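The values are calculated or read from the model by the stated rules, or taken from the named source; none is laboratory data. Everything numeric in this text was worked out from a predicted model, so none of it was measured. Note that each Cβ is placed from the backbone with ideal geometry, even for glycine, and that neighbours are counted across all protein chains shown. The area values use the complete protein model at the heavy-atom level, side chains included, leaving out ligands, DNA and RNA. Shrake-Rupley method; radii C 1.70, N 1.55, O 1.52, S 1.80 Å.
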Amino acid sequence: DEAVAWFNDHAEEIEAQVAAFTALGKGKTKAAPPPQPATPAKPPEKSPARKAETHVPRESKPPAAVKTAANTTEEDPHAEEAVSAVPAKKSTPVPEASEASRAVRISTENMNRLMGLAGEVLIESRWMPSFTAELVRVKKKQDELLRVVDKLSSETSGKISQDRIDTYTNEIHHKINICRTLLSENLTILEDHSRHSTEISHRLYRELIASRMRPFSEGIKGFPRMIRDVSRELGKEVHFKIVGEETKVDRDILEKIESPLNHLLRNAVDHGIESPEDRAAVGKPREATLRLEARHRSGMLNIIISDDGRGIDIEKLRQTVVERNLVSKEMASDLSEAELMEFLFLPNFSTKKTVSKISGRGVGLDVVHSVVSEVRGVVRASSKLGQGTTFELQLPLTLSVMRALLAEINDEPYAFPLVAIDHVLMLPRKEIKTIEGRQYFTFIDRRIGLVSAQQVLEKTPSAAQNAEEFAVAIFSDRMHQYGLIVDRFWGVRDLVVQPLNPRLGKVRDISAAAILEDGTPVLLMDVEDMVRSMDQLISGNRLRSVDSMVGDIPPPKKAFKRILVADDSITVREVERKMLTAKGYEVDVAVDGMDAWNTLRGGDYDLIVTDVDMPRMDGIELVSLIKNDPHVKHLPVIIVSYKDREVDRNRGLEAGADYYLTKGSFHDQTLIQAVRDLIGPSTMS
């Protein structure tokens, strides 16, 4: 036959291939040479290949590989020996991967969609209990109907025959009892279904959350070696201890916090831990202890980095804050230790006089704060001089769901990240005090300024403010703490975070959105941005009192020309504001370019004065945005900068600035004259 002829023609090639596979199966690195015939071929019916063929059911065709091996064995006795090894090798049981180690690859995009769906299922499941409550109400209504029928029966007993009344009454009772029975049965079924549905949705959500989780150890694999290298280079002895390596962390958060943790650990070894000689001199062990701990606590991920080094000199820190003109000497003396520690996270802030190649100077902690804020977390520092320093990062367990406090503002719900709220309280009106036109209240021996959420969000004041007590949430950033007045609190909820459309850009005071279980949309507040807005209202003397925040109050008519000053230096900002205010202009201030842009879009200004080097958005970018926006491109802009090179000047003017001044111009009337040239005198004509 043709198949037999083909095998005869290719016998040598087949023999070589089979021998090669046999050699590989036996673990040899090279295939043995083709075996030479030593004994006559065995009868075909006793060959292993024939035996393998007999196991195939008669009604089905044997596999092609088996047929090929069988045919080869019949024609060539040398191939038989090699082929016999193949089924023998296959018969050896091969250990399979356990179910726990099997993995399915899935794209990040698909996983994120699944996370969103799981969150929606979780929210939808919450509708069932409310529907059950509605059925209970229906049942109560039926009971009321039954009582009405009984009353009707008693009142009409003398007008129609009693037999007919009894008949109708019995029929009504019978039908109502049937309805009650059916309703009770279905109510029981619905309650069971509701519990089952809620349990499934929670299991689905937990499984999906778990699929995103990774052990904390995966993100810190290189830290022990890094600590060894840095301590060896600095001549220090450090025992690095890791606690909670198996703590589960969201993979996105794990990736984002690797760099901040690296900064904190390097700073601890470089700045926090003393040399072995210095430690021995003060009675400490020569080997310092550096501890990195991860744990779940109160629904949050807590990461703690602590050392037993020299600690931070609080008084030296207070002095540095004053020397850098961040606060006045009088204000610095009143700052608590926790407030002073917040200055460590400012850009380029450091108490060190020299730059270290290990950890730099004043860079790492700013990175830590930025990344932690990006994932909606907080970072706190504490220290005891001579005993050590501790940094605590409090992070959400996952970025897809946020635990938030819902508050009502002008009949609309808004959500505040729970991690960003310091305190929540009901404040009696009588405890509100006023000093220099600003309202405040005392909480834990501290004066806290009051700002209405309606004014921050530029909403019309409502009658809800006309009450004997106010719902107040206390927020803070590194340097300020304010109380935000809302209409009322709705409670704490777990919200599935939905990002805003990128085409909206950065919306002032808003970070994202979510959907409540009843389908109501809710905006998530950007607390850090909101605190800046509150600070701007207070520093610009535009704060309304609580009593004036009742009813529809039209904005005051503009009588003076308004100027917006943007500078990240509080000293320069205040100098410019005082200079312009003294000349009769109304001046508002912004802490950086982003703050200025948000303020500009919500206000009516005649001139912008801006610095160049600012965080989040620099002055050049701000000027470009202004000149490209049809609503505000007509506004004149003055750039005031330390940079006095011609290339910097040309860069600012090319962006669209009308004047480019250096900050040395404060010593004369150059700034005032430039303002008058552009917008004229302060009063409106």
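The table below gives the values:
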quantity: Which numbered condition Gly283 misses (of (1) in contact with a strand residue (DSSP E or B) (Cβ under 9 Å, 6 or more places away or on another chain); (2) free of Cβ contacts under 8 Å to residues at least 60 places away in the same chain; (3) on the phi > 0 side of the Ramachandran plot); calculated: (1)
quantity: Residue in the stretch 607-624 that is open to solvent by 30 Å² or more (accessible area, probe 1.4 Å), free of Cβ contacts under 8 Å to residues at least 12 places away in the same chain and not basic (Lys, Arg) present; calculated: no
quantity: Count of the stretch 480-527 residues which are of a type in the set (A, V, I, L, M), at pLDDT below 85 and under 23 Å from Trp597 (Cα atoms); calculated: 4
quantity: Candidate set: the stretch 392-437, residues that are among the charged types (D, E, K, R) and more than 30 Å from Asp366 (Cβ to Cβ); chosen: the one least open to solvent (accessible area, probe 1.4 Å); calculated: Glu408
quantity: The listed residue being modelled with pLDDT of 85 or more and more than 29 Å from Asp529 (Cα to Cα), out of Ile626, Ile638, Ile620, Ile679; calculated: Ile679
quantity: Qualifying residue in the stretch 276-294 (condition: surrounded by 14 or more Cβ atoms within 10 Å (Cβ to Cβ), aliphatic (A, V, I, L, M), within 30 Å of Ala210 (Cβ to Cβ) and modelled with pLDDT under 85); calculated: no
quantity: Boolean, Ala566 is open to solvent by less than 60 Å² (accessible area, probe 1.4 Å), closer than 22 Å to Lys459 by Cα and aliphatic (A, V, I, L, M); calculated: no
quantity: Tally of residues being part of a loop (DSSP other than H, G, I, E, B), among the acidic types (Asp, Glu) and either at pLDDT 85 or above or over 36 Å from the mean Cα position of the chain (by Cα) (or both) across the stretch 561-610; calculated: 3
quantity: Some residue of the stretch 396-403 being among the charged types (D, E, K, R), closer than 30 Å to Lys248 by Cα and modelled with pLDDT of 85 or more; calculated: no
quantity: Per-region count, the stretch 351-391, residues of a type in the set (Ser, Thr, Tyr), at pLDDT below 85 and surrounded by fewer than 20 Cβ atoms within 10 Å (Cβ to Cβ); calculated: 5
quantity: Members of the stretch 512-537 found to be of a type outside the set (A, V, I, L, M, F, W, C) and open to solvent by less than 60 Å² (accessible area, probe 1.4 Å), listed by number; calculated: Gly519, Thr520, Asp526, Asp529, Arg532, Ser533, Asp535, Gln536
quantity: Matching strands (runs of 3 or more DSSP E) fully within the stretch 476-519 where at least 1 residues are under 23 Å from Phe441 (Cβ atoms) and of a type in the set (D, E, K, R); calculated: 488-496
quantity: Hits in the stretch 231-271 - residues which are more than 27 Å from Asn112 (Cβ to Cβ) and out of contact with any helix residue (DSSP H, G or I) (no Cβ under 7 Å at 6 or more places or on another chain); calculated: Arg232, Glu233, Gly235, His239, Lys241, Ile242, Val243, Ala268, His271
quantity: Gly222 on the phi > 0 side of the Ramachandran plot and surrounded by fewer than 19 Cβ atoms within 10 Å (Cβ to Cβ); calculated: no
quantity: Hits in the stretch 295-327 (condition: over 28 Å from the mean Cα position of the chain (by Cα) and part of a loop (DSSP other than H, G, I, E, B)); calculated: Asp308, Gly309, Arg310, Gly311, Ile312, Asp313, Arg324, Asn325, Leu326, Val327
quantity: Cβ-Cβ under 9 Å pairs, at least 6 apart or on other chains, the stretch 320-343 side on the phi > 0 side of the Ramachandran plot, far side open to solvent by 50 Å² or more (accessible area, probe 1.4 Å); calculated: Asn325/Ile570; Asn325/Thr571
quantity: Lys256 vs. criteria over 21 Å from Glu392 (Cβ atoms) and either assigned to a loop (DSSP other than H, G, I, E, B) or modelled with pLDDT under 90 (or both); calculated: no
quantity: Every residue from the stretch 207-253 that is of a type in the set (Lys, Arg) and either more than 25 Å from the chain's Cα centre (by Cα) or farther than 18 Å from Leu397 by Cα (or both); calculated: Lys221, Arg225, Arg228, Arg232, Lys236, Lys241
quantity: Of all residues making up the stretch 164-213, the number that are out of contact with any helix residue (DSSP H, G or I) (no Cβ under 6 Å at 6 or more places or on another chain), within 30 Å of Asp252 (Cα to Cα) and open to solvent by 70 Å² or more (accessible area, probe 1.4 Å); calculated: 6
quantity: Residue match in the stretch 415-429 (condition: among the charged types (D, E, K, R), more than 27 Å from Ile314 (Cβ to Cβ), in contact (Cβ under 8 Å) with a residue 60 or more places away in the chain and part of a loop (DSSP other than H, G, I, E, B)); calculated: no
quantity: Qualifying residue in the stretch 242-257 (condition: buried (at least 18 other Cβ atoms within 10 Å of the Cβ) and farther than 16 Å from Ala294 by Cα); calculated: no
quantity: Flag if Val647 is more than 30 Å from the chain's Cα centre (by Cα), of a type in the set (Val, Ile, Thr), assigned to a helix (DSSP H, G or I) and surrounded by fewer than 21 Cβ atoms within 10 Å (Cβ to Cβ); calculated: yes
